[in-house]
1. Within the range 23-49, count every residue that is part of a helix (DSSP H, G or I) and more than 14 Å from the chain's Cα centre (by Cα).
2. Residue under question is Gly104, and the condition is that it be out of contact with any helix residue (DSSP H, G or I) (no Cβ under 7 Å at 6 or more places or on another chain), at pLDDT below 90 and on the phi > 0 side of the Ramachandran plot; does it hold?
3. Please go through the range 126-146 and pick out each residue that is over 18 Å from the mean Cα position of the chain (by Cα) and either among the hydroxyl-bearing types (Ser, Thr, Tyr) or surrounded by 12 or more Cβ atoms within 10 Å (Cβ to Cβ) (or both).
4. Kindly provide the set of residues from the range 18-43 that are under 19 Å from Val140 (Cβ atoms) and not aromatic (Phe, Trp, Tyr), ordered by number.
5. Going through the range 76-91 one residue at a time, which ones are surrounded by 12 or more Cβ atoms within 10 Å (Cβ to Cβ), hydrophobic (A, V, I, L, M, F, W, C) and part of a helix (DSSP H, G or I)?
6. Of everything in the range 3-31 that's surrounded by fewer than 14 Cβ atoms within 10 Å (Cβ to Cβ) and under 16 Å from Leu99 (Cβ atoms), which residue is modelled with the highest pLDDT?
7. Would it be correct to say that Leu99 is in contact with a Lys or Arg (Cβ under 8 Å, 6 or more places away or on another chain) and assigned to a helix (DSSP H, G or I)?
8. Please state which one of Glu122, Glu165 is surrounded by fewer than 17 Cβ atoms within 10 Å (Cβ to Cβ), touching a strand residue (DSSP E or B) at 6+ places or on another chain (Cβ under 6 Å) and at pLDDT 85 or above.
Amino acid sequence: MHDAAELAAAAFLDSLAYDEIYRIQNLTERFEHLREFFYRNFLLTSWSYPQGIHSFYSERSGRENDTEKRNRLDVFFMLVPSTERPSLWLEIQAGLLMLFWISGWTIIQRLIKAGDFCEEQEREIMQGKGKYLSLQRMMVAPELQGRGLGSAKLGQVLHEVADKEQLPVVLETQREKNVRFYTKL
């Protein structure tokens, strides 16, 4: 989960939504807060709905002149059922309370408010349509973007899960450029 949290923190570092939530001008400090938040979030999801975590790794060098190969995270996303909500006990075990000490009460209040808003919008859109899946936190390693890897992996999982179960998938994005990506699937 640590590598996914790193990838997520980097991917969402310049997000307008997280900029508004954290209001931390120092990007290094904001990165640390985001990484901790995403780590706890991914941990919680992996415990409450482990089949919803999708991580794809490859063996590639860490630097251009590095001959040592390492497994590196290429693509990560979560595809979770609309009915799955973690228990308070799992939230405590995942260390979500630690975020109060790490980020402070005001930031946590803004995170909760933003999360509640997104969930309400999702419920409103899907009202009366029954069970559905929610695509969350889709990320592709920056050096691999634009090569079709994310599309291929997401398409594969959508076919294996959503198509087989005949469930619609809801997603939200913070960037206009992502709309093109998702509408092609």
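The values are calculated or read from the model by the stated rules, or taken from the named source; none is laboratory data. Everything numeric in this text was worked out from a predicted model, so none of it was measured. Every residue, glycine as well, gets a Cβ built from its backbone with ideal geometry; the counts of neighbours run over all protein chains shown.
1. Total meeting the criteria: 9.
2. The answer is yes for Gly104.
3. The answer is Met126, Lys131.
4. Those that are under 19 Å from Val140 (Cβ atoms) and not aromatic (Phe, Trp, Tyr): Leu34, Arg35, Asn41.
5. Once the filter is applied, which keeps residues that are surrounded by 12 or more Cβ atoms within 10 Å (Cβ to Cβ), hydrophobic (A, V, I, L, M, F, W, C) and part of a helix (DSSP H, G or I), the range 76-91 yields only Leu90.
6. Glu29
7. When the stated conditions are applied, Leu99 passes them.
8. Glu122
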